[in-house]
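For reference, the structure discussed in these notes is given below.
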Amino acid sequence: MRFDVEIVDLHQAEVRLTIVRDALNGKLRLFSSSFSIQIVANLDKFRPLALGTGRYSRPVLIAAAYLLPIALIIHAITFWGRGIIDNEAMEFVLNYLLKRPLLAQIFDPAVNDWGAYQARELSYLFDLIDARVFAFLLDRHLLVFVPLSGVLGLIAFSAVYYWGARKIFGLTGVMTNMLLSLFLSCIVVQASTPVFYRSAKIILSIALLAFLFYTFSIVRSDKRNLTALKCATLFLLGLLMALCDRQGFYYLVSTTVVLLMLWLTAKPRTVIVEHPYLRVILVNTGAIGTTIFYNRIFAPNLIHALNGYWPNFWYQHLPWSEFLDPSLPVKAWYFFQQQVSFFFGNVPFALLAAIIAIAALLIVRKRRAMINVNNLTVLAVSLASIAAIFVLIVTMIARHPDIYSIRDHSFWYYTLTIQVVILFGISAWLSFFAPADRSLFNPLFHALIVILIGSNVLAYARQRQIMIHSTEWFGTQYEHSQAFAAQFATAPPAREKLLRNSNDLFWDDEAHYLENVERAYLHFTGASRPDPDTQQP
């Protein structure tokens, strides 16, 4: 915050006092006694105060901007207290504690995804780590359902965003932290982080953000600067993204389509710098082809070699008839509006759209030179990206109708990557403004973002209650997680007793779940030993 105070010489000027009538008691009084007049009449005395306030308030505001993301990360980790464990994850934990070869466990979709083969074995590796860390902590009398991938993933995501926004987009440190805080304050981020479910979406979010930043940095440079190392890095990021989750493959294809559009319109736009659109398209096409090869040939053969069965592709096959439902676009549009609103302080989508439209009209009216081919191209790319997100939501609902029909599903996990794309898009738009223009509007942007963050935070209590009281899915997960916490507080797993007992696990007994995990971990580490009393003579 900076105070610019204009010094006015009032020593030789005639100071006239304004006399006003006091409406309460009918008496006359001199307005010269008001504090505002005293400031104007004695600027020399108040100037040091103004400069001192500005000098000391600026570091405080900057420190607050840098501390806000840290505070929101901590809040996300503790959003559900000890965390919440999903019903599906309860079984996965026990599966990942079995004594089996690592590759055989990872390449086993029949167990890890209940037969729904999706070629996302990379995420199973992080699921396995989550399961074993959870069991490790339980063995040391610490019950924490917050997954390691959620904690480290959110920190890694924040680091990637900070690097990209500062180095590639050229945003200021304060603006970068404010935008990151806005993302972190979104209910989807807060509610997803401490849920022990699957690591696919948070791992994909990191890979997706890195891929988008790297693609942006390469595309805007001269094609002569595109080295073999940069191509290899882009290829690996695209492949990594696609192997995390099927959404990652969709984002890879969508990005390639947008780049194809830019390449086809490069000549009409009379681009001065020769951008490497075609080379990047070819690299991405190579990543797409490699992903298809992995999905259809490499992974199925490896699964068969390691576990003796061929994966079933039923989950990847979505009949076209599923898209003919006339209500599907309406549902997708409502879902899209909801996600945008979640990001921007839960402000109604119609109001957001109206504000953006009015702001755009005012800017164009004052600066007609902004209506040019390049800016229209940026607008076209933005609309294409929005269309891609809409198609993704349509496909998600067609494939898994519960995403729309179960209300709590819109608040966590499934839509995390959509929030990532919104964050990247807003940051990219700001980077197109000249630094001088950004500095002019930064105070306004900072104030608006603070208001939106506050609005997000104020909505947590209501949104948390919606999720907790959802009888269709999340409410059940919350209830049994709370029951486990209460059980652990009064009767934690008896480690010493289990060390002497090698009986089979109670796989389907939820009341003994924590004991099952402890028993499985002891068996996995080789710490358990047969009970002499149960040995046959």
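Looking at the range 449-468, which of its residues are in a helix (DSSP H, G or I), surrounded by 13 or more Cβ atoms within 10 Å (Cβ to Cβ) and within 20 Å of the chain's Cα centre (by Cα)? Lay out the reasoning, then the answer.
Kept after step one, since they are in a helix (DSSP H, G or I), are these residues of the range 449-468: 449-458, 460-468.
Then keep just the ones that are surrounded by 13 or more Cβ atoms within 10 Å (Cβ to Cβ); that gives 449-450, 452-453, 455-457, 460, 463-464, 466-468.
Correct list: ILE449, VAL450, LEU452, ILE453, SER455, ASN456, VAL457, TYR460, GLN463, ARG464, MET467.
Could you tell me which of the residues ALA461, ALA428 is among the hydrophobic types (A, V, I, L, M, F, W, C) and under 30 Å from VAL219 (Cβ atoms)? I'd like the intermediate steps shown before the answer.
Details: ALA461 fails: under 30 Å from VAL219 (Cβ atoms).
After applying the criteria, what remains is ALA428.
What residue, of ALA459, ALA447, is outside the structural domain of LEU68 (by TED's automatic domain parsing) and free of Cβ contacts under 8 Å to residues at least 60 places away in the same chain? First the steps, then the outcome.
Values: ALA459 fails: free of Cβ contacts under 8 Å to residues at least 60 places away in the same chain.
None of the others qualify; the one that does is ALA447.
Restricting to the range 277-320, name every residue that is under 19 Å from ILE403 (Cα atoms) and either polar (S, T, N, Q) or touching a helix residue (DSSP H, G or I) at 6+ places or on another chain (Cβ under 6 Å) (or both).
GLN316, LEU318
Check the range 106-121 and report whether any residue there is modelled with pLDDT of 95 or more, farther than 25 Å from GLY248 by Cα, of a type outside the set (Lys, Arg) and assigned to a helix (DSSP H, G or I).
Checked the range 106-121: no residue is modelled with pLDDT of 95 or more, farther than 25 Å from GLY248 by Cα, of a type outside the set (Lys, Arg) and assigned to a helix (DSSP H, G or I).
I need every pair where a residue in the range 66-80 that is of a type in the set (Phe, Trp, Tyr) has its Cβ under 7 Å from the Cβ of a residue that is in a helix (DSSP H, G or I) and crowded, with 20+ Cβ neighbours inside 10 Å, sequence separation at least 6 or different chains.
Pairs that qualify, where the first residue is of a type in the set (Phe, Trp, Tyr) and the partner is in a helix (DSSP H, G or I) and crowded, with 20+ Cβ neighbours inside 10 Å, are TYR66/ASN177; PHE79/GLN190; PHE79/ALA191.
Being among the small types (Gly, Ala, Ser) and crowded, with 16+ Cβ neighbours inside 10 Å is the filter here, so list the residues in the range 307-338 that pass it.
Filtering the range 307-338 for residues among the small types (Gly, Ala, Ser) gives 308, 321, 327, 332.
Scanning the range 307-338 gives a single hit, ALA332.
Please verify whether the range 488-496 includes one or more residues that are in a loop (DSSP other than H, G, I, E, B) and touching a His at 6+ places or on another chain (Cβ under 7 Å).
Among the residues of the range 488-496, at least one is in a loop (DSSP other than H, G, I, E, B) and touching a His at 6+ places or on another chain (Cβ under 7 Å), which makes the answer yes.
Just to verify a result, which residue in the range 250-277, among those that are among the β-branched types (Val, Ile, Thr) and at pLDDT 90 or above, is surrounded by the most Cβ atoms within 10 Å (Cβ to Cβ)? Steps first, answer last, please.
Start the filter on the range 250-277 by keeping residues that are among the β-branched types (Val, Ile, Thr), which leaves 253, 255-258, 265, 270-273.
Now restrict to residues that are at pLDDT 90 or above: 253, 255-258.
Details: VAL253: 17, THR255: 22, THR256: 20, VAL257: 12, VAL258: 19.
Top of the filtered list is THR255.
Which residues, counting only those in the range 139-149, are outside any loop (DSSP other than H, G, I, E, B) and surrounded by fewer than 22 Cβ atoms within 10 Å (Cβ to Cβ)?
Of everything in the range 139-149, those that are outside any loop (DSSP other than H, G, I, E, B) and surrounded by fewer than 22 Cβ atoms within 10 Å (Cβ to Cβ) turn out to be ASP139, LEU148.
The values are calculated or read from the model by the stated rules, or taken from the named source; none is laboratory data. This is a predicted model, so every value here is computed, not measured. Cβ sites come from the backbone with ideal geometry, for glycine too, and all protein chains shown count toward neighbours.
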